[in-house]
Each structure stands twice: as structure tokens, then as C-alpha cells.
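This report concerns only the one structure given below.
Values quoted throughout were computed directly from the atomic coordinates according to the rules given, and no laboratory measurement underlies them. These figures come from a predicted structure and were not determined experimentally. Cβ placement follows ideal geometry from the backbone for every residue including glycine, while neighbour counts extend to all protein chains displayed.
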Amino acid sequence: MTDHYAVVGNPVAHSRSPQIHAAFARQTGQDIDYVRIFSPRDEFAATVRKFRDEGGKGLNVTLPFKLEAFRLCEPADSALDAEAANTLTFADNRLRGDNTDGVGLVRDIQKNLRCTIAGRRVLIMGAGGATRGVMGSLLHERPALLVVANRTLDKATGLVAHFEKFKALATHGISALPYAQLPGYRFDIVINATSAGLNDEMPALPAGVFADGALAYDMVYGKRTPFLTFAAEQGAAIFDGFGMLVEQAAESFLIWRGVRPDTAPVIAKLRIED
Ligand code: ATR
């Protein structure tokens, strides 16, 4: 019997998740279907209930509903850290919520891009949901230092306070800084978790913060953002967030189906079809 899954968002038409999960299902021989569901902004809970009542097994949740999904679910640790859920699982009359974004980012950086996070100086730009979703996972890899830079400093300070309990995981701790205080620092990994690239903008990142051989990662995918262009000019190796998208999907697939798909061929194939 075919099991039903979907991604819920608003908007959702652009989502690549159905293609990704179809590729995973073919590869692993799992009998599932996976569709997009558009939910009106004020009807997310009703959309989730309807899907469950029709026998659906699990949902991915994308913008703007990850916080609401968190409030509806029984959160696993990953969702508690992020205070957001992107993966909902219906089982035994319960609604479990996970957040696979952090694992997705870490696996893309470490497994696909072969860049170790342990002992590295990491800068993450932005202090919204995208950053909160991945900070716990980044810290669990034990970087030397994690700096959160944001235009609105209060938000970065709040995020650092939220992750205070993991502070000792980073050898030199976590800190919040405005962009203007970054000159003088050098980072091995610079992650853009702001939404600036979507508007062809970039944060006010000063020149000279990339260490030799640095990796620059933009969570936005499918376009060369101004940040990636700048980072390339500064000598960094640049990557967009498509690998993270596929890796977070693989983690959801693992939670739902108990099988981890091989992501490399899926990333390669779907990138070409982009
Ligand atoms: P998300 O959930 O995707 O993280 P968000 O909560 O709206 O979205 O957060 C967007 C982030 O991008 C914020 O950190 C925002 O900075 P502010 O908190 O100062 O608003 C950041 N951002 C968006 N456009 C930016 C720009 N042009 N320059 C710098 N930061 C930007």
C-alpha cells in the first residue's frame, strides 16, 4: 500500500521536495507518494489535521509554518533546539516533530563538501529561523568558535543566549557581533543564513574575514548570491544550499521510512535538471 507524504507551505509551488523524495523512493524501493500542499496562512493546523485524517503519514513543513508546526507537535530534541519543526510524523495518534535542517547543513558541509567543522572558526550570518534551525547541530560538531553576526544585534544576542547550554561545545565559545566588529577576525567556514540573497543583497560583511582555504556557504539555493560572488573574489570556495536541501530531505526520509537514501546521485541528478 502506498504511504502518503507532502510538503506544506505558502508559497509551495517552487518546492523541489516532491522530486527529491520521488528520487529517494525509487532508489530505496519504498512505496510512497509525496505532493505539495498549499495552506492558507491561518489554516495550517486544519491543513495538518485534514492530511492526517485522510491517512497521511508525514509532512515536511516549509515557510512560514515551521514555528506553528513546532507548537502543534511533540518535539524531538532537534525541534526543541530550533524551536521550529520541519518534519512531522503521524504515528499512534501522536504528532512527532523533528527539525532536520541542522543535520542537513552539517552533512552537506562535512560529507559532501568534505570540510570538517570540529576545531574550525565558524561565522554564521543572520539571526532568524534559518540560523536557529542549524545552530545546535553546528555546535555539536565542536567548532573552535561560533560567531553569530546580525544587522539587528539584539536578535543575535538572543540566539546566543538560547544556545548558552551548548556553549562549552565550542572551544572558544559562542558570541554575537555586529558586522562592523568583524574586521580582525578570520573564519574557516562562513555561512549565510540571512534572506538577503533572495533580494540580491548581501550582509555588510567586511573584506578579509575569510581564512586561507575558507568555505563560504549560502543556504539559499539555485542562484549565485552577491555573498557567494563576494566570497569567491575573496578566495573562498563557494557553495549554495542545494546539498543541504537534499540532505535535510534524506534525514526526514530516514525518520519516516527507517532507510537512509544515498544523496550524492540525487544531488547530482537534480542539480542538472535545475
Ligand atoms: P529566516 O527565518 O529565513 O531566518 P527571518 O527570521 O526573517 O527569516 O530572518 C532573516 C534574517 O536575514 C535576519 O537575520 C535579517 O537581519 P535582521 O534581523 O537585522 O533583519 C537578515 N537579513 C535580511 N536581509 C538582510 C540584508 N540585506 N542584510 C543583512 N541581513 C539581512
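For the reader, a short list of remarks on this structure follows.
- When 200, 92 are arranged by Cβ crowding within 10 Å, least crowded first, meaning fewest neighbours, the order is 92, 200.
- For the chain, DSSP calls about 20 percent of its internal beta bridges antiparallel.
- With contacts taken as Cα pairs under 8 Å at a separation of at least 6 residues, the chain carries a relative contact order of 16 percent.
- Each DSSP beta bridge with both residues in the stretch 1-121 is either parallel or antiparallel, and the antiparallel ones are about 40%.
- Antiparallel beta bridges, as assigned by DSSP with both residues in the stretch 35-187, represent about 40 percent of the total such bridges.
- Furthest towards positive pole of dipole, 162, 194, 252, structure part the chain, Cβ charges: 162
- Anisotropy class of the stretch 31-94 from Cα gyration tensor, a/c 1.5 cut: oblate
- Simple point charges give the picture: +1 on the Cβ of Lys and Arg, -1 on the Cβ of Asp and Glu, and for the chain a dipole about the Cα centre of about 260 debye.
- Counting neighbouring beta carbons within 10 Å and listing from fewest to most, the residues 54, 68, 43 come out as 54, 43, 68.
- From least to most packed, judged by other beta carbons within 10 angstrom and beginning with the fewest, 98, 31 follow the order 31, 98.
- Farthest positive-ward along the stretch 4-97 dipole, Cα basis, beta-carbon charges - from 88, 23, 55: 23
- Prolate/oblate/rounded call for the stretch 97-240, Cα gyration tensor, a/c under 1.5 rounded: rounded
- Taking a straight line from the alpha carbon of residue 155, these lysines sit under 30 Å away, with near neighbours fewer than eight places off in the same chain left out: 66, 165, 167, 223.
- Rounded, prolate or oblate (a/c below 1.5 giving rounded, otherwise prolate when a/b exceeds b/c) for the stretch 13-59 by Cα gyration tensor: oblate
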